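Undergrad: This is the structure, below, for whatever I ask next.
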2 protein chains.
Amino acid sequence: MMELDEIDRKILRALAEDATQNAGALGRCLGLSQPATWRRIKRLQDSGVITGRKLDLDYEKLGFGVTVFLGVKLATKGRVSLEDFERAVTAIPEVQTVEHVLGLFDYRLRVTARDIADFERVLRRRIMTLPGIGDVEANVLLSEERRPGPLG
Amino acid sequence: MMELDEIDRKILRALAEDATQNAGALGRCLGLSQPATWRRIKRLQDSGVITGRKLDLDYEKLGFGVTVFLGVKLATKGRVSLEDFERAVTAIPEVQTVEHVLGLFDYRLRVTARDIADFERVLRRRIMTLPGIGDVEANVLLSEERRPGPLG
DNA sequence: GATGAAATATAAATGAC
DNA sequence: GTCATTTATATTTCATC
């Protein structure tokens with residue numbers, strides 16, 4: 001676990017919102033020089049707090065207008081079942097996220113499809129045929145807001 | 001909706017994995033010059049397919065070792081109730097994601113906390129006191145894998 | 001329309017203090 | 001931490017297919 005001061009938190013908050021801004025501009029907002037800001041960012045990367053930078057894609061623009069969250073309960077458990085399920089589910093291109101969870105469900109999946117008809121195809125041919133699959137519950141995404149989360 | 005060729009898809013796949021790589025290196029992998037690659041990336045940004053770049057943070061390193069997914073059913077619905085709920089829930093710093101969904105639940109929340117005791121505090125003081133909140137279901141995150149998703 | 005080569009602008013990275 | 005500098009990358013220009 002990493003010790004952060006208030007400036008580090010401001011840097012993380014700013015870059016969590018928009019990772020394209022450069023060290024010079026970000027530093028000016030914080031009253032810091034470009035090298036000082038850059039070294040703080042590098043320290044956050046080297047310490048593993050920042051693990052990477054990823055693209056935000058508009059899947060609607062790509063023709064994928066339907067996103068569904070599936071809660072999955074396995075019918076058969078045990079080490080092999082979990083591994084089989086995970087191997088098979090990660091091979092489905094429409095599955096964006098696989099979350100192994102504890103609670104009413106065993107896995108939560110984020111699935112995207114072109115439309116409802118396409119989603120039905122994915123559900124019937126790919127999801128319901130997964131090894132060990134049991135009960136499945138679905139929620140269709142209407143809108144989503146992501147926030148930076150707490151930073152210490 | 002945007003027309004993409006195979007090279008655009010390869011660029012998106014590569015940048016979705018790691019948005020830090022530069023146009024020159026990425027272009028060499030694809031047999032393309034640096035300006036050609038850069039112009040394609042810019043085109044994807046201008047067309048709105050790429051909506052931004054965000055940091056990937058290790059919340060465990062920040063001291064937040066517990067992530068819980070909450071399914072929330074509202075007790076009272078209607079336009080005002082939804083807006084009140086959304087305004088209040090987005091003001092909770094531990095809430096990383098607010099998803100308005102259709103199905104068994106009305107909202108799905110991704111909540112992070114320092115530990116289970118901290119999560120109980122957030123749940124009792126912040127979540128269960130949200131305006132209009134009804135049934136709540138919880139799943140604790142064990143592990144997670146994100147994949148690029150389909151790209152056309 | 002697309003590209004690549006070359007030139008320029010900007011940001012990243014380093015060194016000295 | 002700053003400031004000055006070097007190095008790398010992003011961005012524009014232009015000729016070409």
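Undergrad: Out of (1) under 30 Å from A:L4 (Cα atoms); (2) within 12 Å of DNA strand D (Cβ to nearest atom), what's the single condition that is false for B:D46?
TA: (1)
Undergrad: Then there's this: Here are some conditions: (1) in a loop (DSSP other than H, G, I, E, B); (2) at pLDDT below 95. B:F64 meets all but one. Which one does it not meet?
TA: Evaluating B:F64 over (1) in a loop (DSSP other than H, G, I, E, B); (2) at pLDDT below 95 leaves (2) as the failure.
Undergrad: For residues in region A:74-98 being β-branched (V, I, T) and at pLDDT 95 or above, which is farthest from B:R110 (Cα to Cα)? Even if it seems obvious, please write down each step before you answer.
TA: Filtering region A:74-98 down to residues β-branched (V, I, T) leaves A:76, A:80, A:89-90, A:92, A:95, A:97-98.
Narrowing the set further to residues that are at pLDDT 95 or above leaves A:89-90, A:92, A:95, A:97-98.
Values: A:V89: 22, A:T90: 21, A:I92: 24, A:V95: 18, A:T97: 14, A:V98: 14 Å.
Only one residue fits best here, namely A:I92.
Undergrad: Please go through region A:35-67 and give me each residue that is touching a Ser or Thr at 6+ places or on another chain (Cβ under 8 Å) and in contact (Cβ under 8 Å) with a residue 40 or more places away in the chain, ordered by number.
TA: A:Y59, A:F64, A:V66, A:T67
Undergrad: Do you know which residues across region B:12-51 are of a type in the set (A, V, I, L, M, F, W, C), part of a helix (DSSP H, G or I) and near DNA strand C (Cβ under 10 Å from one of its atoms)? Full working, then the answer.
TA: Narrowing region B:12-51 to residues of a type in the set (A, V, I, L, M, F, W, C): B:12, B:14-16, B:19, B:23, B:25-26, B:29-30, B:32, B:36, B:38, B:41, B:44, B:49-50.
Next, from what is left, pick out any that are part of a helix (DSSP H, G or I): B:12, B:14-16, B:23, B:25-26, B:29-30, B:36, B:38, B:41, B:44.
Within region B:12-51, B:L30, B:A36, B:W38 meet the criteria.
Undergrad: Take A:K77 and decide whether it is open to solvent by 70 Å² or more (accessible area, probe 1.4 Å), assigned by TED's automatic domain parsing to the domain that holds A:D115 and among the charged types (D, E, K, R).
TA: Yes.
Undergrad: Next question, about the same structure. Does A:R79 qualify as being within 16 Å of DNA strand D (Cβ to nearest atom) and either aromatic (F, W, Y) or more than 11 Å from chain B (Cβ to nearest Cβ) (or both)? Steps first, please.
TA: Working: within 16 Å of DNA strand D (Cβ to nearest atom): no; either aromatic (F, W, Y) or more than 11 Å from chain B (Cβ to nearest Cβ) (or both): yes.
No: the conditions fail for A:R79.
Undergrad: Return the residue satisfying two criteria in turn: it lies in region A:1-20 and is surrounded by 14 or more Cβ atoms within 10 Å (Cβ to Cβ) and farther than 18 Å from B:G63 by Cβ, and of such residues it is farthest from the other protein chains (Cβ to nearest Cβ).
TA: A:A14
Undergrad: Right, next: For region A:54-65, state whether one or more residues are farther than 20 Å from B:I11 by Cα and out of contact with any helix residue (DSSP H, G or I) (no Cβ under 6 Å at 6 or more places or on another chain). Lay out the reasoning, then the answer.
TA: Quick first cut of region A:54-65, residues farther than 20 Å from B:I11 by Cα only: A:65.
Next, only the ones that are out of contact with any helix residue (DSSP H, G or I) (no Cβ under 6 Å at 6 or more places or on another chain) stay: A:65.
Yes, some residue in region A:54-65 is farther than 20 Å from B:I11 by Cα and out of contact with any helix residue (DSSP H, G or I) (no Cβ under 6 Å at 6 or more places or on another chain).
Undergrad: Among the listed residues A:G52, A:G71, A:G31, A:G24, identify the single one that is modelled with pLDDT of 95 or more, within 19 Å of B:E145 (Cβ to Cβ) and either at the interface with chain B (Cβ under 7 Å from one of its Cβ atoms) or loosely packed, with under 14 Cβ neighbours inside 10 Å (or both). Can you show your working first?
TA: Details: A:G71 fails: either at the interface with chain B (Cβ under 7 Å from one of its Cβ atoms) or loosely packed, with under 14 Cβ neighbours inside 10 Å (or both); A:G31 fails: within 19 Å of B:E145 (Cβ to Cβ); A:G24 fails: within 19 Å of B:E145 (Cβ to Cβ).
Answer to the check: A:G52.
Undergrad: Select from region A:78-132 the residues that are part of a loop (DSSP other than H, G, I, E, B) and within 13 Å of B:R147 (Cβ to Cβ) and list them in ascending order. Reasoning before the result, please.
TA: Pass one, region A:78-132, residues part of a loop (DSSP other than H, G, I, E, B): A:78, A:90-94, A:104-106, A:114-115, A:128-132.
A:T90, A:A91, A:I92, A:P93, A:E94, listed by residue number.
Undergrad: Given the criteria charged (D, E, K, R), open to solvent by 70 Å² or more (accessible area, probe 1.4 Å) and in contact with a strand residue (DSSP E or B) (Cβ under 9 Å, 6 or more places away or on another chain), does A:R124 qualify?
TA: On the way: charged (D, E, K, R): yes; open to solvent by 70 Å² or more (accessible area, probe 1.4 Å): yes; in contact with a strand residue (DSSP E or B) (Cβ under 9 Å, 6 or more places away or on another chain): no.
Considered against the rule, which asks whether it is charged (D, E, K, R), open to solvent by 70 Å² or more (accessible area, probe 1.4 Å) and in contact with a strand residue (DSSP E or B) (Cβ under 9 Å, 6 or more places away or on another chain), A:R124 comes out as no.
Undergrad: Could you tell me which numbered condition A:T97 fails, if it satisfies all but one of (1) crowded, with 17+ Cβ neighbours inside 10 Å; (2) out of contact with any helix residue (DSSP H, G or I) (no Cβ under 6 Å at 6 or more places or on another chain); (3) within 7 Å of chain B (Cβ to nearest Cβ)?
TA: Condition (1) is where A:T97 drops out.
Undergrad: Give the residue that is nearest to DNA strand D (Cβ to nearest atom), with candidates limited to residues of region A:1-35 that are among the polar types (S, T, N, Q) and more than 27 Å from B:T97 (Cβ to Cβ). Outline the logic, then answer.
TA: Going through region A:1-35, the residues among the polar types (S, T, N, Q) turn out to be A:20-22, A:33-34.
Okay, now just the ones that are also more than 27 Å from B:T97 (Cβ to Cβ), so A:22, A:33-34.
Numbers: A:N22: 9, A:S33: 3, A:Q34: 7 Å.
Among those that are among the polar types (S, T, N, Q) and more than 27 Å from B:T97 (Cβ to Cβ), it is A:S33.
The values are calculated or read from the model by the stated rules, or taken from the named source; none is laboratory data. None of the values given here were measured: they were computed from a predicted structure. Please note: Cβ atoms are built from the backbone with ideal geometry, for glycine as well, and neighbour counts cover all protein chains shown. Quick note on the areas: whole protein, heavy atoms, side chains included, nothing else; ligands and nucleic acids left out. Shrake-Rupley method; radii C 1.70, N 1.55, O 1.52, S 1.80 Å.
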